[in-house]
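Below: the structure, in structure tokens.
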Amino acid sequence: MDGALCGTAPESSIVKAYRETKASRKNYPNTGELLRQVIGQEKLSGGITEIDPLKHAQLKDAWSGSCVRPINSSWRNQVRPGGVLMAPVRLSAPWLFTMDPMTYCESGDHNDDKLYRADFSRVSAAVSSFVESGQPGVAALFVYAVKPEVRPQFWAFVDDLAKETKTTPVSCWLLHQGGNRNLAALLCSSFVLPPDWLPHGLKVGR
């Protein structure tokens, strides 16, 4: 018997999350929105920082009634004891700490949308507060449009951060315009990423 069969491949949870949040080039969800679709709002707690008053108001409305607390503040003001980006006392659940500054700069120390080498102690303190809980988790740092000469500086920052926080670094990247790259560093604690974790299109390594 001859025949022709058609079907659909199983949809991954992250693809479903992007679809459910109606993601597009003009409307893209943040990490929290994606996690809400994958895990469920009732299972999430923590903090989100946003300096733009309008965006903060939208976040506050979106997370109303949940245990996620959006703060109208720079992230640099919340990586301190009592800040929303520090691990809560007696943390008893897996954790995720994410940062997505526009890019990385080796010099400078401004309270803006970039990540600087001078931010090392701030990021280290925040990540360490979660690692010390003993719970499995990952700190994810995303930087964009990184020029070739800056890439080694960012990876050196990541390696030093991994050593300071006693985490295991995993690196990947995506091509950007003009030969620059979008870089992602994952600092894993108390767990190992599965072999097939890498989403389609990303390049493992540096």
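Computed from the coordinates by the stated procedures, all read-outs in this text should not be read as laboratory data. Just so it is clear, the structure is predicted and the values come from calculations on it, not from any experiment. Quick reminder, even Gly has a Cβ in these numbers, built from the backbone with ideal geometry, and neighbours come from all protein chains shown.
A few points about this structure:
- Viscosity 1.306 mPa s, 10 °C: Kirkwood-radius Stokes-Einstein D of region 11-73 over Cα pairs, µm²/s: 129
- Among 107-113, 32-38, the order from most to least packed when residues are scored by Cβ within 10 Å on average: 32-38, 107-113
- Relative contact order of region 90-206: 26 percent, from C-alpha pairs under 8 Å at least 6 residues apart in sequence.
- Equivalent ellipsoid dimensions for region 90-206 as semi-axes, Å, which come from the Cα gyration tensor, largest first: 23, 18, 11
- When each of K16/K163; K60/K163; K147/K203 is checked by Cα-Cα distance, pairs over 27 Å: K16/K163; K60/K163
- Taking only the alpha carbons of region 1-155, we obtain Rg and Dmax values of 18.6, 71 Å in that order.
- The order of the peptides 15-28, 167-180, 74-87 by mean Cβ neighbours within 10 Å, most packed first, is 74-87, 167-180, 15-28.
- Computed over the Cα atoms of region 77-147, the ratio of the radius of gyration to the Kirkwood radius (Rg/Rh) comes to 1.00.
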